[in-house]
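Contents: one structure, followed by commentary.
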Amino acid sequence: MAENKGTKKVDFKIRCQTTWRDIVMYRWLYFLLIPGILFFVIFKYVPMGGLRIAFMDYNQYNPAKSTWVGFDQFDFPMGCCLYGGFSP
């Protein structure tokens, strides 16, 4: 098997130093990423917590007493037309 003689093995410590040096050198580009990352976290990731309400028998007066029902909430809308039930 042929050996690759063109590559030089770089020490882990040197790699870390050059990485941090590059991060410090381009720090303003990383600061420009912050608003975009915050946008996706706030408007795309955080609302995913509310999706679990679709799988619960939600009690609006005491959310702690809400019970988990799984796909039972979707049984009627999907089952009526797909499995030979009535069709509106």
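Numbers below:
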| item | result |
| --- | --- |
| Yes/no for PRO63 being exposed (fewer than 10 other Cβ atoms within 10 Å of the Cβ) and either at pLDDT below 85 or of a type outside the set (S, T, N, Q) (or both) | no |
| Number of the condition not met by ILE23 [criteria: (1) at pLDDT 85 or above; (2) touching a Gly at 6+ places or on another chain (Cβ under 8 Å)] | (2) |
| Restricting segment 13-60 to residues that are touching a residue at least 12 places away in the same chain (Cβ under 8 Å) and outside any helix (DSSP H, G or I), the residue that is most open to solvent (accessible area, probe 1.4 Å) | ASP57 |
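The values are calculated or read from the model by the stated rules, or taken from the named source; none is laboratory data. Quick caveat, the model's predicted, so the values are computed rather than measured. So basically every Cβ, Gly included, is an ideal-geometry build from the backbone, and we count neighbours across all protein chains shown. Note: accessible area is taken over every heavy atom of the protein model, side chains too, but ligands, DNA and RNA are not part of it. Shrake-Rupley method; radii C 1.70, N 1.55, O 1.52, S 1.80 Å.
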